[in-house]
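Structure first, then comments.
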């Protein structure tokens, strides 16, 4: 008896896509980036077969954090893929407008500029 289970948490590198195999079966695929403790990143191709994949396709977008549980498959070219049995959608990426606002430091004005704003001009 043998058992092969893999669980990874990472971020989708692009939106999920629907593809069709040589056998005519449709599946959804996306790429997952998993950061290691040493600063390295491992990329996995994730495959989700059947109706489950088609439903998930709408919710998997670039930057989304995702938990994947399944089994490993290594292609002839050496690509590592995860055939997903279970997927959980975790945090969503921040919208670009929110991310840009948070990155900007608050603007500080000098005391002279504040006095100029407060003092009204005298009319003749």
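The values are calculated or read from the model by the stated rules, or taken from the named source; none is laboratory data. The model shown is predicted, which means the values in this text are computed figures rather than measured ones. Neighbour counts are summed over all protein chains in view; Cβ atoms, including those assigned to glycine, are modelled from backbone coordinates with ideal geometry.
Table for the structure above
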item	result
All positions within segment 13-41 that are under 22 Å from residue 78 (Cβ atoms) and touching a residue at least 12 places away in the same chain (Cβ under 8 Å)	13, 14, 17, 27, 29, 30, 31, 32, 33, 34, 35
Filter result for residue 71 (farther than 19 Å from residue 20 by Cα and either within 13 Å of the chain's Cα centre (by Cα) or surrounded by 13 or more Cβ atoms within 10 Å (Cβ to Cβ) (or both))	yes
Any hit, segment 23-45, residues being in contact with a helix residue (DSSP H, G or I) (Cβ under 6 Å, 6 or more places away or on another chain), modelled with pLDDT of 85 or more, surrounded by 10 or more Cβ atoms within 10 Å (Cβ to Cβ) and assigned to a strand (DSSP E or B)	yes
